[in-house]
Amino acid sequence: MPRILDGNRVRDDIKEELKPRIQALSASGRPPGLAVVLVGHNPASEIYVRSKIKTCHDLGIYSESIAPPDSITTEELLGIVEQLNAREDIDGILVQLPLPAHVDTKRILLAIHPAKDVDGFHPYNVGALVAGLPAPRACTPAGIIELLKRSAIPIAGKRAVVVGRSDIVGKPVAMLLLHEHATVTICHSKTPDLPGVCRGAEILVAAIGRPAMITADFIQPGATVIDVGTNHIKDRAEAARIFRNSPEKLASFDKRGSLLVGDVDPVDVVERAGAYTPVPGGVGPLTIAMLMVNTVAAAEQRRGGV
Ligand code: GUN
């Protein structure tokens, strides 16, 4: 049986390590402050944002959520960001993505002050990532590196393949793996012989957003497989196919009306991998943990270090 890389355990460790830093900040004036902007009513985004706010609350980080309607214009949202940039008590600003199609996402991300950009999405911070300079790193990629390191999975000298080239996960995780001295290949929908390229990976990162797309023929026996996917399957026949008619999984489907599945086939990965992140309970919990790390670090930086 492969090793399960337990994201919940690593998240709990990271949160524990943050507590004294948060206490020191609070004792020296005020707690770190995070503002989360959630536009409209995307159900998945609402769940993520609730979870972010709850984690702040649990840790003693001040948080504020701002929820403008779907109809907000780019100019109006820029106004909200400018106000948050100017606020002394706000150390981190997160604008939950995706934004409605009529809003200019690039302009919004560019408007967030780089020192408060706890998502690490501002081009200034992306540049710092490429240059290897200290700056907030995108949370999911940073969480993946934390999980690998804290699980004592060697990265240096390994062949890593990243499937997916998004700005949020694929590109930044490839750069972080490169900084850790892996030999990195980035694949996407136009990559020839994708299964063959993936089979060359000792560390395989799947961040494509396609349920159970990475099957046995993509996985080198013994590889470490990192599954970033969070796909909600609402079709019972598809859930039955992916989970091979597992009675437990189908009972869970019947109770909830959906099942969560990653980008990696959940049965094949157990048969082929040496270590893997489960869905749920793998990469997911680390995204929020790293957001907390970035918020605390932003607060420390803004106060000249504590
Ligand atoms: N949407 C999905 N993941 C993320 C994330 O990490 N940050 C933001 N702001 N939006 C997201």
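The values are calculated or read from the model by the stated rules, or taken from the named source; none is laboratory data. Since the structure is predicted, the reported quantities are computational estimates derived from the model, not experimental observations. Note that we place each Cβ from the backbone using ideal geometry, even for glycine, and neighbour counts take in every protein chain shown.
Contact map, region 29-52: residues that are loosely packed, with under 15 Cβ neighbours inside 10 Å paired with residues that are part of a strand (DSSP E or B), Cβ distance under 8 Å, separation 6+ or inter-chain. Pairs shown: ARG30/TYR62; ALA44/HIS232.
Screening the candidates ALA35, ALA67 for the property of being within 15 Å of the ligand (Cβ to nearest atom) and over 22 Å from ALA138 (Cα atoms) yields one hit, ALA67.
Being in a loop (DSSP other than H, G, I, E, B) and out of contact with any Lys or Arg (no Cβ under 9 Å at 6 or more places or on another chain) is the filter; apply it to region 216-234 and report the residue that is farthest from VAL270 (Cα to Cα). Across region 216-234, the extreme among qualifying residues is LYS234. For region 177-190, enumerate the residues that are surrounded by 12 or more Cβ atoms within 10 Å (Cβ to Cβ) and free of Cβ contacts under 8 Å to residues at least 24 places away in the same chain. Hit for region 177-190 is LEU178, nothing else.
A quick yes/no check of all residues on (1) farther than 20 Å from PRO31 by Cα; (2) within 16 Å of the ligand (Cβ to nearest atom):
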site: GLY79; (1), (2): yes, no
site: LEU97; (1), (2): yes, yes
site: HIS102; (1), (2): yes, no
site: LEU109; (1), (2): yes, yes
site: VAL118; (1), (2): no, yes
site: PHE121; (1), (2): yes, yes
site: ASN125; (1), (2): yes, yes
site: LEU129; (1), (2): yes, yes
site: PRO134; (1), (2): yes, no
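Within region 222-241, does at least one residue satisfy the condition of being within 15 Å of the ligand (Cβ to nearest atom), at pLDDT 95 or above and aliphatic (A, V, I, L, M)? Within region 222-241, one or more residues are within 15 Å of the ligand (Cβ to nearest atom), at pLDDT 95 or above and aliphatic (A, V, I, L, M). Residues in region 118-140 that are in contact with a strand residue (DSSP E or B) (Cβ under 7 Å, 6 or more places away or on another chain) and not in a loop (DSSP other than H, G, I, E, B): ASN125 alone.
Taking the stated definitions as given, is ILE90 within 16 Å of the ligand (Cβ to nearest atom) and of a type in the set (A, V, I, L, M, F, W, C)? Break it down stepwise before answering.
Values: within 16 Å of the ligand (Cβ to nearest atom): yes; of a type in the set (A, V, I, L, M, F, W, C): yes.
In short, yes.
The residue that is surrounded by the most Cβ atoms within 10 Å (Cβ to Cβ), among those in region 164-176 that are part of a helix (DSSP H, G or I) and more than 15 Å from the ligand (Cβ to nearest atom), is ALA174.
When region 110-124 is limited to residues that are surrounded by fewer than 20 Cβ atoms within 10 Å (Cβ to Cβ) and without any contact (Cβ under 8 Å) to a residue 24 or more places away in the chain, the one that is nearest to ILE72 (Cα to Cα) turns out to be LEU110.
PRO32 meets the stated requirement of being modelled with pLDDT of 95 or more and out of contact with any Lys or Arg (no Cβ under 8 Å at 6 or more places or on another chain). Could you check, for region 154-163, whether at least one of its residues is of a type in the set (Gly, Ala, Ser), within 21 Å of LEU94 (Cα to Cα), more than 15 Å from the ligand (Cβ to nearest atom) and touching a helix residue (DSSP H, G or I) at 6+ places or on another chain (Cβ under 7 Å)? Looking for residues that are of a type in the set (Gly, Ala, Ser), within 21 Å of LEU94 (Cα to Cα), more than 15 Å from the ligand (Cβ to nearest atom) and touching a helix residue (DSSP H, G or I) at 6+ places or on another chain (Cβ under 7 Å), one finds none in region 154-163, hence no.
The test for being of a type outside the set (Gly, Ala, Ser), assigned to a loop (DSSP other than H, G, I, E, B), buried (at least 20 other Cβ atoms within 10 Å of the Cβ) and in contact (Cβ under 8 Å) with a residue 40 or more places away in the chain holds for LEU99.
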